[in-house]
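What follows is a set of notes on a single structure, which appears directly below.
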Amino acid sequence: MAAPGAPALTPDQIARLHEDRGPALVAASSFFIAACTVTVALRFAARYSRRMEFGLDDWLSVAALVGCIFSPELLNIEKHLLY
């Protein structure tokens with residue numbers, strides 16, 4: 001039941017009520033998480049191959065990668081088209 005004063009749904013909105021962006025969100029998130037993971041891995045590989053010490057910026061890139069992986073859950077991204 002709709003809240004008092006809320007507009008009624010149109011027939012088109014009712015027909016699309018169960019459509020979602022889930023597959024597109026999963027595909028885009030997977031691509032960018034993979035790209036970030038490869039970038040951070042190459043960063044560490046470059047530092048290791050040149051016998052350089054890992055700095056704060058390297059460890060912050062790992063923290064940012066972890067943040068990217070868990071951000072959809074933390075931000076509670078909605079996948080439904082109607083909302």
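Want the number for A64 to V38: 0.36 nm per residue separation, take away the alpha-carbon distance, what's left?
Numbers: separation 26, 0.36 × 26 = 9.36 nm, distance 1.33 nm.
Between A64 and V38, full extension yields an extra 8.0 nm.
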Run the Debye formula on the Cα coordinates of the range 20-75, all scatterers equal and no solvent, and tell me log10 I(q)/I(0) at q = 0.23 1/Å. -0.89
Given R₀ = 41 Å, FRET efficiency for Q13-A45 by Cβ-Cβ distance, to 0.05? 0.25
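Any read-out appearing in this document is the output of simple, stated calculations on the displayed coordinates, not a laboratory observation. Note that the structure is a prediction, hence the values are computed from the model and not measured. Neighbour counts are summed over all protein chains in view; Cβ atoms, including those assigned to glycine, are modelled from backbone coordinates with ideal geometry.
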